[in-house]
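The values are calculated or read from the model by the stated rules, or taken from the named source; none is laboratory data. Keep in mind that this is a model prediction, so the values were computed, not measured. In this analysis, Cβ positions are derived from the backbone assuming ideal geometry, glycine residues included, and neighbour counts consider all displayed protein chains.
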Amino acid sequence: MSSTTTAEVEENNMNPTPNEDPHAVVSTFDLFSIGVDLFGSLALTGEGHGTPEAVLMGIEGESPDSVETSTIQSRVQDIKTNQSIHLDGTFRIKFNYEKNMIFNYFKTLPQHPNGLRFCAYDKNVNMIATNEYFSIGGGFVVNQKTQMDHGENVYYKRTTQKNDVIEGRSEQDIVAVSLPFRNAQELLNVCKRENMTIAQVVFENELKWSSPETIREKLLKIWNTMDDSIRNGVMASPNDHLPGPLKVKRRAPRLYNKLLTGLYGTPVNTASEYTRTSIESSPSAQLTKTNYCQYPLAFSFLPKKPRKKVVLPALDYLSVYAIAVNEENACGGRVVTAPTNGAAGTIPAVLKYYLEFISENPEKDVMEFLLTTTAVGMLFKRGASISAAEVGCQGEVGVACSMAAAGFTAVMGGTVDQVENAAEIGMEHNLGLTCDPIGGLVQVPCIERNALAAVKAIAAAQLALNGEGDHRVSLDQVIETMRQTGHDMMSKYKETSQGGLAVNVPLC
């Protein structure tokens with residue numbers, strides 16, 4: 001194996017020229033080694049975010065929704081030890097992690113702060129192909145030649161896998177949808193003109209690509225994955241620590257046990273059999289049982305004297321559910337990007353709470369909730385950003401709060417105006433939220449922040465439901481404000497771990 005690194009090759013060729021055809025095929029017989037360069041935010045917080053592991057698994061042909069997450073760390077260690085990697089899971093090529101995975105901490109590619117460059121080399125260390133890609137939030141990836149103008153998003157996902165195409169990596173044809181909309185006002189106009197809910201509009205548009213049954217199956221699969229992440233989070237050992245130097249102990253298992261036993265504040269050592277039975281037999285897990293309105297959504301009692309150990313189901317369960325998901329994410333477990341992994345706990349927590357304690361038709365409510373949140377997420381993706389590297393945490397947890405508020409309002413029977421109002425409230429009070437993870441780890445403040453966002457989403461929905469839908473600030477206005485705020489925000493507060501809590505709280 002040559003000792004020449006990606007960085008050394010660039011010294012001889014400061015501006016590597018990508019192939020004229022970005023889809024050009026490089027024979028595996030010509031490919032001797034590869035180099036990976038991470039730039040900007042991907043480099044600064046990559047190790048804490050699990051970016052190198054994700055890149056290596058992608059090179060080996062794995063897909064996020066099917067990879068066996070429990071084997072990732074051992075496979076990465078094998079790659080480092082053997083100094084080789086299985087390209088596409090079949091063809092072994094040389095890969096020295098220390099030399100071929102380059103973290104460019106002080107360089108950012110011009111298109112986007114989350115940049116990545118792949119280089120392929122022959123046995124003489126001649127670069128035979130290169131391409132640059134950008135993670136622009138929400139699981140979307142664009143390549144170097146993709147136009148990324150504000151207001152228009154074209155997503156590059158093309159790749160090949162043996163003789164098949166992985167659905168999540170395939171490029172969708174551009175299709176004119178039945179009910180197009182570019183902003184919230186246009187969406188409201190469509191809903192009122194067609195006498196449809198936001199969920200119905202999104203469903204109608206999705207029919208251009210999928211059948212009704214396929215849409216249903218995909219939505220339920222998304223929810224089942226969300227529910228699994230909650231279940232795995234609360235069923236973990238309460239004595240486990242999250243990976244990394246912060247030594248953060250898992251809290252979700254302990255908190256969930258206390259809720260079930262009614263002994264909030266009482267020490268709990270292990271997950272009880274009652275916990276396992278409860279979480280596995282819950283109505284939202286089976287999507288069959290109905291009429292589970294055990295607790296009211298809003299609490300009106302105000303005791304004259306403070307009480308110890310007062311359990312407020314809405315707050316406590318929302319927090320536990322969100323924390324469970326984000327602890328799973330911190331440990332490299334499977335979560336749903338909603339809209340990002342760092343903000344993956346808010347939407348599942350709100351939906352889980354609704355299904356457990358309010359819903360009378362879980363399957364219908366899952367579909368309506370997720371379709372509604374999807375519409376709001378699209379508006380933020382098109383009008384601003386859902387990448388903390390671009391706009392700070394307001395683009396991740398802030399957007400998740402807005403999406404969850406809209407979804408909750410919809411399943412509670414709110415009008416389209418009330419749904420839009422809830423989404424606006426959810427973002428308005430997250431404007432300026434910074435992304436400053438300590439040590440680059442998606443733990444502090446990320447985990448608790450999701451719990452607070454879930455509670456805030458319910459509050460936003462309640463405010464909207466108790467109004468008539470009329471309000472001074474529109475969703476379109478708050479989206480544009482969020483975009484401008486993110487643009488003005490200093491880079492040290494945008495997923496670089498160079499400011500805020502990341503520099504004021506010691507790692508150990």
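Criterion applied to G48, G89, G115 was being on the phi > 0 side of the Ramachandran plot and small (G, A, S), and the one residue passing it is G89. Name the residues in region 456-488 that are crowded, with 22+ Cβ neighbours inside 10 Å and either more than 14 Å from A404 (Cβ to Cβ) or touching a Lys or Arg at 6+ places or on another chain (Cβ under 8 Å) (or both), would you? Across region 456-488, the qualifying residues are L475, V478, I479, M482, G486. Return yes or no: is R276 at pLDDT 95 or above and either over 25 Å from the mean Cα position of the chain (by Cα) or charged (D, E, K, R) (or both)? Answer is no for this residue. Note on region 60-90: residues that are hydroxyl-bearing (S, T, Y), part of a helix (DSSP H, G or I) and free of Cβ contacts under 8 Å to residues at least 60 places away in the same chain amount to 4. Inside region 157-198, residues that are at pLDDT 95 or above, part of a helix (DSSP H, G or I) and surrounded by fewer than 16 Cβ atoms within 10 Å (Cβ to Cβ) make up a count of 6.
For region 373-387, indicate whether the set of residues that are at pLDDT 95 or above, over 20 Å from L351 (Cβ atoms), touching a Cys at 6+ places or on another chain (Cβ under 7 Å) and not in a helix (DSSP H, G or I) is non-empty. No, that holds for no residue. Being part of a loop (DSSP other than H, G, I, E, B) and not aromatic (F, W, Y): is that true of V444 here? So V444 passes the test.
Only residues that are small (G, A, S) and more than 11 Å from the chain's Cα centre (by Cα) were counted across region 320-352, and they come to 6. The set of residues in region 451-497 being farther than 26 Å from Y354 by Cα, of a type in the set (A, V, I, L, M) and touching a residue at least 24 places away in the same chain (Cβ under 8 Å) consists of V473, V478, I479, M482, M489. The set of residues in region 489-508 being part of a loop (DSSP other than H, G, I, E, B), surrounded by fewer than 19 Cβ atoms within 10 Å (Cβ to Cβ) and among the β-branched types (V, I, T) consists of V505 alone. For region 113-137, the candidate set comprises residues that are among the charged types (D, E, K, R) and over 30 Å from the mean Cα position of the chain (by Cα); within that set, the residue that is farthest from A344 (Cα to Cα) is K123. Is it the case, given these coordinates, that T69 is closer than 18 Å to G440 by Cβ and at pLDDT below 95? It is false that T69 is closer than 18 Å to G440 by Cβ and at pLDDT below 95. Scanning region 438-455 for residues being under 15 Å from I425 (Cβ atoms) and surrounded by fewer than 24 Cβ atoms within 10 Å (Cβ to Cβ) gives a total of 2.
Specify the residue that is farthest from G345 (Cα to Cα); the eligible residues are those in region 199-230 that are surrounded by fewer than 19 Cβ atoms within 10 Å (Cβ to Cβ) and of a type in the set (D, E, K, R). Out of the qualifying residues, it is K208.
The set of residues in region 41-96 being farther than 30 Å from M490 by Cβ and of a type in the set (A, V, I, L, M, F, W, C) consists of L56, M57, I59, V67, I72, V76, I79, I85, L87, F91, I93, F95. Scan region 201-257 for residues that are assigned to a helix (DSSP H, G or I), more than 17 Å from V336 (Cβ to Cβ), touching a residue at least 24 places away in the same chain (Cβ under 8 Å) and out of contact with any helix residue (DSSP H, G or I) (no Cβ under 7 Å at 6 or more places or on another chain) and the total you get is 2. The residues of region 347-370 that are farther than 20 Å from L259 by Cα and in contact (Cβ under 8 Å) with a residue 12 or more places away in the chain, listed by number, are I347, S359, E360, N361, P362, E363, D365, V366, M367, E368, F369, L370. In region 414-432, is there at least one residue being crowded, with 23+ Cβ neighbours inside 10 Å and of a type in the set (D, E)? Yes, region 414-432 contains a residue that is crowded, with 23+ Cβ neighbours inside 10 Å and of a type in the set (D, E).
Of everything listed in (1) surrounded by fewer than 24 Cβ atoms within 10 Å (Cβ to Cβ); (2) within 17 Å of A461 (Cβ to Cβ); (3) free of Cβ contacts under 8 Å to residues at least 40 places away in the same chain, the single unmet condition for T373 is (1).
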